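A.B. asks: Have a look at the structure that comes next, please.
The values are calculated or read from the model by the stated rules, or taken from the named source; none is laboratory data. Bear in mind the structure is a predicted one, so any value in this text is a computation, not a measurement. Cβ coordinates were reconstructed from backbone atoms using ideal geometry, including for glycine residues, and neighbour counts include every protein chain displayed.
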Amino acid sequence: MTEEVNPKAYPLADPQLTKIILELVQQAANYKQLRKGANEATKTLNRGQSEFIVMAADAEPLEILLHLPLLCEDKNVPYVFVRSKQALGRACGVSRPVISCSVTINEGSALKSQIQQVQLNIEKLLI
């Protein structure tokens, strides 16, 4: 956790928010409300299915992700960076590192209130 994070990875979630986000990502994976990978995240944004986007700040090179914040801002979707792609991969329920994922919209989902809470926390970071 001590290594320097790329300054382009903004907003970066603090460790406490990261924990909350990763737990929600894990639950979203169980409820089939998760798309893993930069390409899948891009698709959900373009189709208007995304609740929020989580990206890994340690993706190499980071530029492979930097189209997502622009797209998120166009579509008014909150986005956030977490420090570790390894941790994001574990939360997504796969053994590989995941550089980005999208929590998708599902009407009547059991996660609705948690998703809204996380969206509020992410929006606070952007201010």
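For every residue, the table says whether it meets (1) of a type in the set (S, T, N, Q); (2) within 17 Å of A38 (Cβ to Cβ).
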residue	(1), (2)
E63	no, yes
D74	no, yes
K85	no, yes
G93	no, no
V98	no, yes
G108	no, no
Q119	yes, no
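A.B. asks: Right, another one. For the stretch 25-43, give me each residue that is closer than 22 Å to E73 by Cα and either among the basic types (K, R) or part of a helix (DSSP H, G or I) (or both).
C.D. replies: Selection gives V25, R35, K36, A38, N39, E40, A41, T42, K43.
A.B. asks: Condition first: surrounded by 21 or more Cβ atoms within 10 Å (Cβ to Cβ) and more than 16 Å from I105 (Cβ to Cβ). Now tell me which residues in the stretch 39-67 satisfy that.
C.D. replies: Within the stretch 39-67, M55, A56, A57, A59, L65 qualify.
A.B. asks: Might you let me know whether the stretch 4-20 holds any residue that is outside any loop (DSSP other than H, G, I, E, B) and buried (at least 19 other Cβ atoms within 10 Å of the Cβ)? If you could, list the steps in order and put the result at the bottom.
C.D. replies: Narrowing the stretch 4-20 to residues outside any loop (DSSP other than H, G, I, E, B): 12, 15-20.
Subset that is buried (at least 19 other Cβ atoms within 10 Å of the Cβ): 18.
So far as the stretch 4-20 goes, yes, one or more of its residues are outside any loop (DSSP other than H, G, I, E, B) and buried (at least 19 other Cβ atoms within 10 Å of the Cβ).
A.B. asks: Could you please find all residues in the stretch 94-127 being surrounded by fewer than 18 Cβ atoms within 10 Å (Cβ to Cβ), at pLDDT 95 or above and touching a helix residue (DSSP H, G or I) at 6+ places or on another chain (Cβ under 6 Å)?
C.D. replies: R96, P97
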